[in-house]
Every structure is written in C-alpha cells, then in structure tokens.
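The values are calculated or read from the model by the stated rules, or taken from the named source; none is laboratory data. Everything quoted here is computed from the prediction, not taken from an experiment. Cβ placement follows ideal geometry from the backbone for every residue including glycine, while neighbour counts extend to all protein chains displayed. Keep in mind that these areas ignore ligands, DNA and RNA; they rest on the heavy atoms of the full protein, side chains included. Shrake-Rupley method; radii C 1.70, N 1.55, O 1.52, S 1.80 Å.
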Amino acid sequence: MPATVVLGAQWGDEGKGKLVDRIAEQATWVARFQGGNNAGHTVVLGDQVLKFHLLPSGITRKECNLVLGDGMVVDPWVLDGELLGWKESSGEDPRGERLFISERAHIILPFHRYLDGLDKKIGTTGRGIGPTYADKINRVGLRFGDLSEVRTDAEWLSSTTLRMNAAMQAAGCEQHISEADLQGDIDWIWDAYNTAIRNTGVMLDNALRLGEHVILEGAQGCLLDIDQGTYPFVTSSVTSRGNASHGAGIHPGHIEDVIGITKAYITRVGHGAMPTELYDEAGDHLGTVGHEFGTTTGRKRRCGWFDAVVMRHAQRINGFTGLALTKLDVLGGLDEIKICVAYELDGKEIREFPVSAAAIARCKPVYITMPGFPGHSLTEWLAIAKNANDSGIGFAGLPAAAQNYIKKVEAIVGVPCTSVGVGPDRDATIDAV
C-alpha cells in the first residue's frame, strides 16, 4: 500500500494533528519527516485534549508505530516530557516498542536554545530549531546515531564545547557550557533513548514493501518552507511534498496521495506580511470562535480571509490529490464571507505569489464575496457531522451556503475536498462521498 502525505497548505496551524489522528486508524505507521518542537499538533478525544510537539499524531492509535524521521531535529528533554505525559494518561511508554527515533535525526542541545532565544527579527519559537539546522548544514551537528561514538570521545567533547562557547560569545549570549555539562547531557540522552534509536528509513521501506500503510506527517505549512515560503519569515526546513519521502528515508515512488490541510480561512503566527489579514469584527470573530492561539507558543494567531493566491502556490509546489478543509464551522454566523482570488501590487493585478517579503507587504487582496451561513454550537456541529457520515450524504448535510463555499474553494484551487472539519473533536469531520 502506498504512503500518504499530510501537509499544511498555509502558514501552519491548519489542523494536521486532527486529520492524522483520524486516518491513522487505517495505518500501521505514522512518521514525522521534518521540523522539531516548533510544531504543535492538537488531538481532541471527547473531553480529552492532547497536545503534541514531537510525538506523531498517530500515538493515540495503539496499533500504530511511530517514527521521528531523518529530517527532524529533536529536543530530547521536550520529547521526554511528552512521553511522561503520555504514560500518565495511557500507562504506556512506547520508546523502543512502537516509537523509533531515526539515527540520522539531529539533536537539539541547550546551546541551540540559547542561541535561538536571541532572535528578535523573525519571530521564531525560540526552541533551538534554526541553530540546530544550521549546525546540520555546517556539518558540525550531533545525530542520535553518533551518540554511541561521541560519548566516550574526549577530543570531540573538548572541541565541541569550545566551538559552542565561542559561538555564544560572538552572538552576545550570556550562557556558558562546560565539558561536564555537555558530557552529562550526552549520557542522559543515550540512557533515555538508546533502545529507540534505529535505521527508521529501512523500517519504513520494509513496511511499504509488505503492503502496510504509512502516513508521512508534516509540520508547519507550505508558506513557512525555507525555499518556497515567505522568506525570511519562514521555518528552517523544507515543509513540502518534496521532502516528505526524503526526510523519512524512503524514495518518492512510495507516495500516492498527498492531502493538503487548509483552514476555511487563514491564520499566521509570527512576523511577516499576510495580505488578507483582518483588523475588524470579522477578524475578531475568526480569532474568538476559532480559539486561535498557537499550540506551541500560546501566541495569538493573526486571522484573515481564505487566500486562493496562497493556495495556488501551495498546490503548484505540492501537487495535492485532495484538500482537507478545516474549521468551516468558524465561519458560521458571518453575514458574508470573502475569498481572495488575486492581489493588487503597485497598481497591477497579479495571481501568483510574489517572492519578495517587501512586495508581499504591499499586496492588497482582490476579493469575491459569498453569502454566509448560520452558526451552531460545537455540539450541534458534531451532530451534523455524525449525521452526514452515518447517513452517507457527505457535504449535503451542511447548509447550502456552506456547500457552495466548499465548491468555490475546490474550483479556485482545482483540487477536490476529501473532508471538511466542523469542530475540534475527532468525529467532527465530514467525509466526501
């Protein structure tokens, strides 16, 4: 069975965790392929709200194996905290049993967090992601597969400590790292995770050859991609389809379905222009009803109307085979709904996303307007979703104006919607028929 890729199609926070948790019921593996604990995935199971930053969203499915892939940067202390929280709620410690860490994944150390905390321009999460990827590119990073070698290498310990302290001093960082501190960190990481460190690329390849279903779970979104996003206000990794197989250690021929996750509107956290950003009552409605606060940072998300220019860019980069439209319920209660179909830049109408951050900041949205539809409580939306799925009527179970909105999004992006989310609960999702 081929692999399925789940990607964010906007600036992240689109609801990937909920979808992966849902479709993982039919999967035997869920693998993260990039990013680190700058991601935040939320899964709602009735009254239980689970928030993950490193653990793949398939963790709630006990029959599902989990992989932190080759392309990731992993903070061992954050991961340990998540695992302790999961053990408290479920009684399970999955490391080495069904949670496996790629020997090629890079390790976030305190040094990387110290450096990242100096950022004042980009609006990063401060979790050490960028500096760890920088060490990776500079070929001085530490991978999980290197731990068994370096923990007894006095020369590596000395040279690495000197390098880290020199870099922090040059950056104006007040912290200092001793050889004893670094040795203690390395030993703790090895003791905590050595049973889980594996050649996960081979494991995934073997699973696919045996016909098992693998989900490749992305973090962030297309517009935060280091190459294809709104540079420099981006993350430090390739978030798009091209890196899904590579970051998991398998070849791209394994991939068949690519699901793009997009909200029925758009949000962004951090710095950088967002042409459809709203500063009015509609924006307040989206932020309040949608509970738009970042899972990782707790920062308030900036809200705006659905941006088809962004989505066309994301589609060109990723070649989505289907869209999962989330948070349609949040639009309920608005008299009218707008969709941005183009930008006006310096007096000219454009339909493709500009490369320059300065140019994006000058873009003015060109809108079409559609009728709104009534709002409902989360309980009512959940009932609508269950009825639509149980009766097999799909999107026809939604208000007519909501159905028309879905059709317009499909027509503009050129990709069919495979599911529509109408609430945070796992079951508040309507499947296409």
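Each of [x] 43; [y] 47; [z] 56 is a candidate for percent of Cα pairs over 30 Å apart; the one calculated from this structure is [x]. Applied to the range 314-326, the Karplus parametrisation 6.51 cos²θ - 1.76 cosθ + 1.60 on θ = phi - 60° returns per-residue 3J(HN,Hα) values of 4, 5, 5, 6, 10, x, 4, 8, x, 10, 9, 8, 10 Hz, with x for Gly and Pro.
With 32 Å as the limit, the listed pairs Lys87/Lys407; Lys364/Lys386; Lys18/Lys408; Lys51/Lys364 have Lys87/Lys407; Lys364/Lys386; Lys51/Lys364 beyond it between alpha carbons. In the full protein context, the chain carries 40 Å² of accessible surface per residue, based on a 1.4 Å probe and ignoring ligands, DNA and RNA. Shown here for the range 47-155: trypsin sites (Lys or Arg not before Pro) in loop regions (DSSP other than H, G, I, E, B) with at most 11 other Cβ atoms within 10 Å, namely Lys62, Lys120, Lys121, Arg139. Within a Cβ distance under 13 Å of Ser377, other residues only, what is the Lys/Arg minus Asp/Glu net charge? Taking every other residue near Ser377 into account, the sum is -3.
Taking every alpha-carbon pair under 8 Å whose residues sit at least 6 apart, the chain reaches a relative contact order of 20 percent.
Just checking the listed ones, Val44, Val20, Val234: in the Gaussian network model of the chain with Cα springs under 10 Å, the one fluctuating most is Val44.
Taking other residues whose beta carbon is less than 13 angstrom from the beta carbon of Gln10, and scoring Lys, Arg as +1 and Asp, Glu as -1, yields +1.
In the range 1-160, the portion of solvent-accessible area held by carbon and sulfur atoms comes to 48 percent [1.4 Å probe, whole percent, DNA, RNA and ligands not counted].
Below 8 Å between Cα atoms, with a sequence gap of 6+, how large is the relative contact order for the range 267-358 in percent?
Numbers: 87 pairs, mean separation 27.6, N = 92.
For the range 267-358, the relative contact order is 30 percent.
Sorting the segments 369-379, 67-77 by their mean number of nearby beta carbons within 10 angstrom, highest to lowest, gives 67-77, 369-379. Packing order of peptides 421-427, 384-390, 351-357, highest average first: 421-427, 384-390, 351-357 (average count of other Cβ atoms within 10 Å over each peptide's residues). The label-point distance for Leu162 and Ala432, in a model that sets each label 7 Å from Cα toward Cβ, rounds to 6.0 nm.
Counting protein heavy atoms only, the range 210-296 has 52 percent of its accessible area on carbon and sulfur, 1.4 angstrom probe.
Within a straight-line Cα-Cα reach of under 16 Å, Lys338 can be paired with the following aspartates and glutamates, leaving aside sequence neighbours fewer than 8 residues apart in one chain: Glu277, Asp280, Glu281, Asp284, Asp307, Asp329, Glu410. Sparse packing (at most 16 other Cβ atoms within 10 Å of the Cβ) combined with a DSSP loop state is found for the following chymotrypsin sites (Phe, Trp or Tyr not before Pro) in the range 253-318: Tyr279. Of all lysines in the structure, the ones whose alpha carbon falls short of 25 Å from that of Lys136, not counting any fewer than 8 places away in one chain, are Lys120, Lys121.
Taking each residue as 0.36 nm, the span from Asp335 to Thr321 lengthens on full extension beyond its C-alpha to C-alpha distance by 1.9 nm.
Could you tell me the center-to-center distance, by alpha carbons, between the range 16-87 and the range 218-285 in angstrom? For the range 16-87 versus the range 218-285, the Cα centre distance is 18 Å.
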